[in-house]
Amino acid sequence: MQAGRTGLDGREPGLARRPYTKRDLDMIYRALLEAYGPQQWWPTAAEDGPAQRFEICLGAILTQNTAWRGAAAALANLQGAGATTPEAILDLPEPVLGELLRPSGYFNAKARKVRAFCAAVLDAGGIDALLAGDADEVRARLLALWGVGPETADAMTLYAGRKPTFVVDAYAYRLFERLGRPPGKRDYDTYRLYFLGKLGDDVWTLNQWHALIVRHGQQTCLRTKPQCGACILEPRCEFARGAAASEGE
Ligand code: SF4
């Protein structure tokens, strides 16, 4: 990997551990986009419309603490059972719903969360009513629901509601800590507010940022064996420099 390929070598004296500027983040974004291409999130069976928005929200719950593959299998089970609307899901006995959701893990808890979400959709007057308003309103409404934490609320707000917010996850913490320039402590709101402040409110860019960080974390910046030699960010990465230095000792 050529040093400086991203346009920054990350070695400027005095900048160590200072959070990235917007210009730095733009370069990282372009590098990730160059490496992986535009990401197509979120894949759903439903066509664009309320059914798709509802499916994206279900996916956000089902992928909690599990890989997307398991969530997708659970969604396919719901499709196969004809349970694609809040009403149809609530008509299912909870143990039956749990079995359909089994591939997503923690399936009994997820059955209760999915039921609670379906009830909230009906109470609101439909998925579009639940997702109506600006990003802060939608996010606050979703966070008030049982079983919906910040990451899930932001995923729903961004991908289903198409409102500007930033989804923080373990991949984001890992990447920016390894690069050596985290926005601060490992705290959801610290990361979210920092990225929102730097990246602006373009929904497509925010959509791609999260998807690219996940792709990078799953394909290259692996938890136990990061593939630094194949990483487009290697020239500016503190973790990679430390690994190279200890290899040279
Ligand atoms: S160089 Fe290695 S540790 Fe750094 S971002 Fe890339 S894969 Fe992760």
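Taking all protein chains as shown and a probe of 1.4 angstrom, LEU179 keeps an accessible surface of around 10 Å². Computed per residue of the chain from DSSP H runs no shorter than four, each worth -39500 (n - 2.57), the mean residue ellipticity at 222 nm is -17000 deg cm²/dmol. Using a probe radius of 1.4 Å on heavy atoms only, what accessible surface per residue do you get for the stretch 50-160? Whole Å² is fine. Result: 42 Å² of accessible area for each residue. Starting from the Kirkwood Rh over alpha-carbon pairs, what translational D in µm² s⁻¹ does the stretch 14-93 have by Stokes-Einstein at 37 °C and 0.692 mPa s? The diffusion coefficient I find is 212 µm²/s. Considered as an equivalent ellipsoid built on the Cα gyration tensor, the stretch 80-205 has semi-axes of 31, 18, 11 Å, the largest given first. Only Cα pairs under 8 Å and 6+ residues apart enter the sum, and on that basis the relative contact order of the stretch 29-107 stands at 27 percent. Comparing Cα centroids, the stretch 50-95 and the stretch 106-168 end up 14 angstrom apart. Taking every alpha-carbon pair in the stretch 176-249 and binning the separations at 5 Å intervals from zero gives 3, 14, 20, 24, 20, 12, 5, 2, 1, 0 percent. Only Cα pairs under 8 Å and 6+ residues apart enter the sum, and on that basis the relative contact order of the stretch 50-160 stands at 32 percent.
Please arrange MET156, MET27 by accessible surface area, largest first, computed with a 1.4 Å probe and ligands excluded. Please list the in-between numbers first.
On the way: MET156 0, MET27 25 Å².
Of MET156, MET27, the descending order of accessible area is MET27, MET156.
Among the listed pairs LYS22/LYS225; LYS113/LYS198; LYS110/LYS198, those with a Cα-Cα distance over 31 Å are LYS113/LYS198; LYS110/LYS198. You can think of it this way: the chain between ASP91 and ALA243 has 49.2 nm of extra reach, that is 0.36 nm per residue less the Cα-Cα gap.
Accessible area of the chain with a 1.4 Å probe: how many percent of it is carbon plus sulfur?
52 percent
Per-residue surface analysis assigns ARG102 an accessible area of about 120 Å², computed on protein heavy atoms at 1.4 Å probe radius.
Hey, what's the per residue convex hull volume over the C-alpha atoms of the chain, in cubic angstrom? The partial results should precede the final answer.
Working: hull volume 31.3 nm³, N = 249.
It is 126 Å³ per residue.
Taking Rh as the Kirkwood radius computed over C-alpha pairs, what is the Stokes-Einstein D of the stretch 47-151 at 4 °C in a medium of viscosity 1.567 mPa s, expressed in µm² per second? Mind showing how you got there, number by number?
Details: Rh = 13.7 Å.
Answer from the Stokes-Einstein relation: 95 µm²/s.
The values are calculated or read from the model by the stated rules, or taken from the named source; none is laboratory data. Predicted, not measured: the structure shown is a model, and the values here were computed from it. Please note that ligands, DNA and RNA were not included when accessible areas were found on the heavy atoms of the full protein model with its side chains. Shrake-Rupley method; radii C 1.70, N 1.55, O 1.52, S 1.80 Å.
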